[in-house]
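Visitor: Before we start, here is the structure in question, set down as structure tokens.
The values are calculated or read from the model by the stated rules, or taken from the named source; none is laboratory data. The structure presented is a predicted model; accordingly, all values stated were derived computationally and were not measured. Backbone-built Cβ (ideal geometry, glycine too); neighbour counts: all protein chains shown.
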Amino acid sequence: MSGGRLLVATGAAVADVAELPPLVRGLLSAASDVLVITPILPGALQWLVSDTDRARHEADERLNAVLGHLAELDVPAEGRVGDETPLTAFEDAVRDFKPDHILIALRSGEDAGWQERGLVDQIRARFRIPITIFEIGPTGL
């Protein structure tokens, strides 16, 4: 993917940038442009009662953490908090940024939120763009 546009979407942040898998580090360093999106991931009850303030704050913190990790790797990147519906966040980012590759960091199985389940299948069906996925556990990787 040398020189391409990389969309990074993350529902979690690694605890230590040194723990990133070599494939992920390679994708990041090879990209000419990087956009990070951190969807708002409210709990089901928060979403039902439209109380997403805490989830928005967590998305801001995740975005700042990821942008900080990328700066440590000397990977210039822009970022934004995405929509509270992850698929909409992807649609907006793909439309605006036009990535060549999508890198998705998801919380691992038991830690995944209700919105993350089945998301990768939806993204694959919707966008014909190469996708790389890695899971992040509760303490980072």
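Visitor: Hey, among the residues in region 38-51 that are in a loop (DSSP other than H, G, I, E, B) and exposed (fewer than 13 other Cβ atoms within 10 Å of the Cβ), which one's modelled with the lowest pLDDT?
Guide: V49
Visitor: Follow-up. Determine whether region 99-111 contains at least one residue that is at pLDDT below 85 and in contact with a helix residue (DSSP H, G or I) (Cβ under 9 Å, 6 or more places away or on another chain).
Guide: Within region 99-111 (the criterion being at pLDDT below 85 and in contact with a helix residue (DSSP H, G or I) (Cβ under 9 Å, 6 or more places away or on another chain)), the answer is yes, since at least one residue qualifies.
Visitor: Determine if region 25-37 includes at least one residue that is touching a Ser or Thr at 6+ places or on another chain (Cβ under 9 Å), of a type in the set (S, T, Y) and at pLDDT 90 or above.
Guide: yes
Visitor: So, one more: Quick check on this structure: which one of L20, L87 is at pLDDT 85 or above and either in contact with a Gly (Cβ under 6 Å, 6 or more places away or on another chain) or surrounded by fewer than 20 Cβ atoms within 10 Å (Cβ to Cβ) (or both)?
Guide: Exactly one residue qualifies, and that residue is L87.
Visitor: Looking at the structure I just gave you, is V94 at pLDDT 90 or above and part of a strand (DSSP E or B)?
Guide: Taking the combined requirement at face value, the residue does not satisfy it.
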